[in-house]
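So the structure is just underneath, and the comments pick up after that.
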Amino acid sequence: MGYKVAVVGATGSVGREMLAILAERNFPADEVVAVASRRSQGVECSFGDKTLKVKALDHFDFSDVDICLMSAGGAVSKEWSPKIAAQGAVVIDNSSAWRMDPDVPLIVPEVNADAVTGFNKKNIIANPNCSTAQLVVALKPLHDKARIKRVVVATYQSVSGAGKDAMDELFSQSKAVFTLDEVEAKKFSKRIAFNVIPHIDVFMEDGYTKEEWKMVVETKKILDSSIEVSATCVRVPVFVGHSESVNIEFENPISVEEARALLEESDGVTMYDDHKNGGYCTPIECVGEDSVFISRLRADPSVKHGLSMWIVSDNLRKGAALNAVQIAEELIENYGLAPKRSN
């Protein structure tokens, strides 16, 4: 017997991507259910060559669901994830609601799959922030080799990380610029079309934004609490695909050649690094791809043991939907999660 999987938030950008990836990867599900808020009830969502009609979260019975992929925002997850988990479904949540809960594993399968073992404390597993996910996939093999002391990262994050309304705003503003219409900023604090905004999420007392704080604390929880991290997160006028400029300081020596060899052999990583015009990955090339792409790998001469690199990934996939599906696959393949219908 296969599994029953519910995707909550199925009408959003990440929810639709979750459905697409479940179909692409032939996930062993006998039944997949699309769930969203009451106002989306009856909306149709694609699942492979099938069409699913959305069920309302308020009235849905999760008692026979094995895995719930949750992408409905932090407030909804805070309310509903414990209720769904109490009915016996393992919730894999894409919001920030549970990431720093000590009883909830925060998982990137290529990095810390072993931490999945703690999922049964609350029956909830957290997906990291999209910018964190691609960062730690790139850092893991290098940390294992030479032990990372410090990471300084500047992100160039696409508007899809802020949802469909943000994508619509970039489109409408870009069109307004060319047609000489008024440019309205609703989703973002300033105009995003042909601009960059050094502000993602709310500001905190120390001057950092919450997005930057997430990168710091999530990297520590996933990879190593001793690593020092400084982040500057920037929204750019790109529809899909997050980019990061990363400087790494190591405790031990590591050459560019050693780092390249390690990264080329690492799960989830694709080296795209020719030192010539166009020999690097940009967001356009990463859309629809599962890998974290690494380019511009080079020595950082400003520290004793340092490397710099450029990281690009499809934030809707590895940064969200794909990572959640990979966690579900990990539960089945390596932790013996059995479908309820076989009990």
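Is the C-alpha gyration tensor of the chain telling us rounded, prolate or oblate? Criteria: a/c under 1.5 is rounded; beyond that, a/b larger than b/c is prolate, otherwise oblate.
Taking the square roots of the gyration eigenvalues as a ≥ b ≥ c, the chain is oblate.
Tell me which GluC sites (Glu not before Pro) from segment 226-281 have a DSSP coil assignment and no more than 14 other beta carbons within 10 Å of their own.
Loop-located and lightly packed - GLU251, GLU265.
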**OP:** Go through segment 120-133 residue by residue and turn each phi into a ³J(HN,Hα) via Karplus (6.51, -1.76, 1.60, θ = phi - 60°); whole Hz please, and just put x for glycine and proline.
**Re:** 6, 5, 10, 6, 10, 10, 9, 8, x, 4, 4, 6, 5, 4
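Antiparallel versus total DSSP beta bridges in the chain: what percent is that, nearest 5?
On the way: 27 of 58 bridges.
Percentage antiparallel, nearest 5: 45.
Determine the sum of side-chain charges near ALA34: Lys and Arg each +1, Asp and Glu each -1, restricted to other residues whose C-beta is under 10 angstrom from that of ALA34. Kindly include the intermediate steps, with their values, before the conclusion.
Working: positive: ARG16, LYS53, LYS55; negative: GLU44.
Local charge sum for ALA34: +2.
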Subject >> Local net charge near VAL108, Cβ-Cβ under 12 Å (Lys/Arg +1, Asp/Glu -1) >> reply: -1
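Classify segment 12-60: rounded, prolate or oblate, from the alpha-carbon gyration tensor (a ≥ b ≥ c, eigenvalue square roots; a/c under 1.5 rounded; otherwise prolate if a/b is larger than b/c)? Please report the intermediate quantities before stating the final value.
Working: a/c = 2.08, a/b = 1.75, b/c = 1.19.
In terms of gyration-tensor shape, prolate.
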Subject >> Helix-only mean residue ellipticity at 222 nm for the chain, each DSSP H run of n ≥ 4 adding -39500 (n - 2.57), per residue, nearest 500 >> reply: -9000 deg cm²/dmol
Original post:
Between segment 297-343 and segment 84-157, what is the C-alpha centre distance in whole Å?
Top reply: 8 Å
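Exactly which trypsin sites (Lys or Arg not before Pro) in segment 274-343 are in a DSSP loop and have at most 13 other Cβ atoms within 10 Å?
For trypsin sites (Lys or Arg not before Pro) across segment 274-343 that sit outside H, G, I, E and B with at most 13 neighbouring Cβ atoms in 10 Å, the list reads LYS276, LYS304.
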Original post:
Based on the alpha-carbon gyration tensor of segment 194-343 and its eigenvalue square roots a ≥ b ≥ c, which shape applies: rounded if a/c is under 1.5, prolate if not and a/b is larger than b/c, or oblate?
Top reply: rounded
**OP:** In whole Hz, with x marking every Gly and Pro, tabulate ³J(HN,Hα) for segment 13-30 from phi via Karplus 6.51 cos²θ - 1.76 cosθ + 1.60, θ = phi - 60°.
**Re:** 4, 6, x, 5, 5, 4, 4, 5, 6, 4, 6, 4, 8, 6, 4, x, 10, 7
Subject >> 5 angstrom amide H check on VAL292, placed H, neighbours 5+ away >> reply: VAL269, THR270
Original post:
Among the lysines, which fall within straight-line cross-link reach of LYS318, defined as a Cα-Cα distance under 22 Å, with same-chain neighbours fewer than 8 residues apart omitted?
Top reply: LYS140, LYS164, LYS210, LYS214, LYS220, LYS221
Original post:
How about LYS340: which lysines have a C-alpha closer than 26 Å to its C-alpha, ignoring those fewer than 8 places off in the same chain?
Top reply: LYS4, LYS50, LYS53, LYS55, LYS78, LYS83, LYS121, LYS122
Original post:
When the Cα centres of segment 242-273 and segment 1-40 are compared, how far apart do they sit, in Å?
Top reply: 34 Å
**OP:** Using a 10 angstrom cutoff on alpha carbons, build the Gaussian network for the chain and name the most mobile of THR179, THR155, THR132.
**Re:** THR179
Subject >> Where labels lie 7 Å past Cα in the beta-carbon direction, separation of SER225 and VAL303 in nm >> reply: 2.1 nm
Subject >> Ratio of the Cα radius of gyration of segment 1-108 to 2.2 N^0.38 Å, where N counts its residues >> reply: 1.00
Original post:
Under a 5 Å amide H to amide H cut-off, with H placed in plane at 1.01 Å, what residues pair with TYR3 once short-range neighbours are removed?
Top reply: ALA29, ASP30, GLU31
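Rule-based calculations on the coordinates, nothing more; no lab input. As the structure is a prediction and not an experimental result, all values here were calculated from the model. Every residue, glycine as well, gets a Cβ built from its backbone with ideal geometry; the counts of neighbours run over all protein chains shown.
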